[in-house]
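Student: Below is a structure I'd like to ask you about.
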Amino acid sequence: MYPILLCSVFALTIITERLFSLRKKRVIHPEILQEIRKYWYGKEIDKAITICQNTDIAMSRILKAGLLRFNYGILEIERAIEGAGNHEATLLTANLRGLGVIANLAPLLGLLGTVTGMIKAFGAIAEKGTGNPSIVASGIAEALITTAAGLIVGIPALTVYYYLKGKVDRLVFDMEEISLKFLEELAQRRGHMPPEHKSTSKDAS
């Protein structure tokens with residue numbers, strides 16, 4: 001029961017931290033993006049970088065990577081944004097693996113408690129016989145309680161794990177869309193499109 005209780009504390013801690021960290025305003029802040037866009041397209045890069053540095057959100061860190069490569073051309077900007085985006089996507093999934101482990105571990109700990117409880121019950125039967133049911137009651141109770149406790153911790157943890165994983169996937173998709181839009185608008189202002197978009201246009205035609 002103590003390991004299961006410890007799992008529940010860890011799961012609650014991870015869930016609370018991730019629910020706070022994965023709020024959309026903590027990852028993608030539309031007002032901040034609008035301000036960055038204003039300076040980005042006005043070619044006031046220093047001001048845009050300053051805003052990114054003063055705003056600790058994933059999207060601003062991604063755009064900052066592109067802004068720092070602004071003078072190296074659209075392809076370098078794209079590579080920098082892609083690299084930063086992959087890094088931020090990894091950070092968004094931080095602790096989720098731990099929550100997944102807890103979701104699978106807690107029921108197994110409950111099953112272990114079931115086994116030890118039944119061993120205790122059969123040990124009592126072997127020692128004192130089956131004449132008194134109360135002799136085996138404590139072992140059976142241990143088995144049932146630990147099983148229930150493991151499931152009580154594991155089922156909510158697994159449910160929240162998949163919910164948060166889906167939320168991360170949506171946020172990553174949104175960040176990719178915003179980054180692509182920034183690149184396309186910047187490419188149009190410079191009078192060309194990135195190579196992959198050119199090939200897409202040819203294929204479509």
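The values are calculated or read from the model by the stated rules, or taken from the named source; none is laboratory data. This structure is a prediction, so every number in the text was calculated from the model and none was measured. Ideal geometry is used to build each Cβ from the backbone, glycine not excepted, and the neighbour counts take in all protein chains shown.
Student: Does region 17-30 include one or more residues that are at pLDDT 85 or above, assigned by TED's automatic domain parsing to the domain that holds Ser179 and over 19 Å from the mean Cα position of the chain (by Cα)?
Tutor: no
Student: Also: Evaluate the following for Ile125: is it touching a Ser or Thr at 6+ places or on another chain (Cβ under 8 Å) and in a helix (DSSP H, G or I)? Steps first, answer last, please.
Tutor: Details: touching a Ser or Thr at 6+ places or on another chain (Cβ under 8 Å): no; in a helix (DSSP H, G or I): yes.
Against the criterion (touching a Ser or Thr at 6+ places or on another chain (Cβ under 8 Å) and in a helix (DSSP H, G or I)), Ile125 does not qualify.
Student: So for region 53-73 (the condition being aliphatic (A, V, I, L, M), under 29 Å from Pro156 (Cβ atoms), modelled with pLDDT of 85 or more and not in a helix (DSSP H, G or I)), does at least one residue qualify? Can you show your working first?
Tutor: Within region 53-73, the subset aliphatic (A, V, I, L, M) is 57-59, 62-63, 65, 67-68.
Within this subset, residues satisfying the condition of being under 29 Å from Pro156 (Cβ atoms) are 57-58.
Checking the rest, the ones that are also modelled with pLDDT of 85 or more come to 57-58.
When the remaining residues are screened for being not in a helix (DSSP H, G or I), the result is 57.
Looking for residues that are aliphatic (A, V, I, L, M), under 29 Å from Pro156 (Cβ atoms), modelled with pLDDT of 85 or more and not in a helix (DSSP H, G or I), one finds at least one in region 53-73, hence yes.
Student: Still on this model: What number of residues within region 99-128 satisfy the criterion of being within 26 Å of the chain's Cα centre (by Cα) and surrounded by 15 or more Cβ atoms within 10 Å (Cβ to Cβ)? Spell out the reasoning first.
Tutor: At the first step, the residues of region 99-128 found to be within 26 Å of the chain's Cα centre (by Cα) are 99-109.
When the remaining residues are screened for being surrounded by 15 or more Cβ atoms within 10 Å (Cβ to Cβ), the result is 99-103, 105-107, 109.
Qualifying residue count, region 99-128: 9.
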